Amino acid sequence: MSALTVVLATAWTMTASQAAPVDPPAPIVAAAEPATAPAAPVVLPLILRRDTPIHFMVINEVTTKTHRAGHRFKLRVDKPVIIDGIVVIAVGATAWGEVTAATGSGNVGKSGKLEAKLLYVESRGLQIPISGNNAAKGAGGGGETALGVLALGPLGLFAKGNNAKIKAGELMTGFVEQDVEIPRAAPTGL
């Protein structure tokens with residue numbers, strides 16, 4: 001090899017090593033995920049269990065003198081219903097009942113008979129089905145009829161018995177008919 005060849009080979013090697021450095025491959029960066037809000041805590045509903053007792057008070061008198069089968073009447077909740085320390089049915093919540101049978105009083109001291117059932121209670125925007133029945137019978141007028149016959153003869157047979165009534169202020173107990181989910185209020189301050 002001649003000296004010229006050595007010089008040229010050395011120059012070519014130096015030139016190749018001084019050439020622009022090759023950039024290493026760029027690192028692969030995953031696309032940034034959009035920022036998400038922290039997950040809201042899961043708020044489970046309250047469960048009002050079947051057969052939970054609810055105490056009611058009749059608001060207005062219901063009587064065979066003025067009410068017939070199909071008449072709906074109002075009640076109010078008399079004691080709160082509480083689940084896990086939370087009032088789910090407050091005192092004063094409205095409930096509804098319905099007269100199912102009404103027989104007025106009659107002659108010869110026949111007393112009236114009244115039957116009613118509970119329908120539902122309104123709470124937190126829900127109509128919660130309830131069950132419960134009430135029956136009332138008017139006082140018989142048999143003794144009054146006997147006295148009327150003695151005093152008035154046959155006209156005493158026209159003495160009427162008493163009407164049946166569910167009095168205003170009378171207390172009744174109903175029961176939740178089926179499990180009911182009641183939404184909890186979402187926690188505040190999150």
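Overview of results
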{"quantity": "Residue within segment 53-66 that is loosely packed, with under 14 Cβ neighbours inside 10 Å, at pLDDT 95 or above and assigned to a strand (DSSP E or B) present", "calculated": "yes"}
{"quantity": "Filtered residue count, segment 67-86, keeping only those that are among the β-branched types (Val, Ile, Thr) and either touching a Phe, Trp or Tyr at 6+ places or on another chain (Cβ under 6 Å) or surrounded by 13 or more Cβ atoms within 10 Å (Cβ to Cβ) (or both)", "calculated": "3"}
{"quantity": "Where a residue in segment 72-96 is over 11 Å from Tyr120 (Cα atoms) and outside any strand (DSSP E or B) and its partner, wherever it lies, is modelled with pLDDT of 95 or more and aromatic (Phe, Trp, Tyr), with Cβ under 7 Å and at least six apart", "calculated": "Asp78/Phe56"}
{"quantity": "Sole exception among (1) modelled with pLDDT of 95 or more; (2) surrounded by 15 or more Cβ atoms within 10 Å (Cβ to Cβ); (3) of a type in the set (A, V, I, L, M, F, W, C) for Ala90, by number", "calculated": "(2)"}
{"quantity": "Output for segment 147-190, where each listed residue is modelled with pLDDT of 80 or more and β-branched (Val, Ile, Thr)", "calculated": "Ile166, Thr173, Val176, Val180, Ile182"}
{"quantity": "Criterion violated by Ser131 - all others in (1) polar (S, T, N, Q); (2) within 28 Å of the chain's Cα centre (by Cα); (3) at pLDDT below 95 satisfied", "calculated": "(3)"}
{"quantity": "Conditions (1) buried (at least 20 other Cβ atoms within 10 Å of the Cβ); (2) at pLDDT 60 or above; (3) not polar (S, T, N, Q): number failed by Gly141", "calculated": "(2)"}
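The values are calculated or read from the model by the stated rules, or taken from the named source; none is laboratory data. These figures come from a predicted structure and were not determined experimentally. Reconstructed Cβ throughout: ideal geometry from the backbone, glycine too, with neighbour counts over all protein chains shown.
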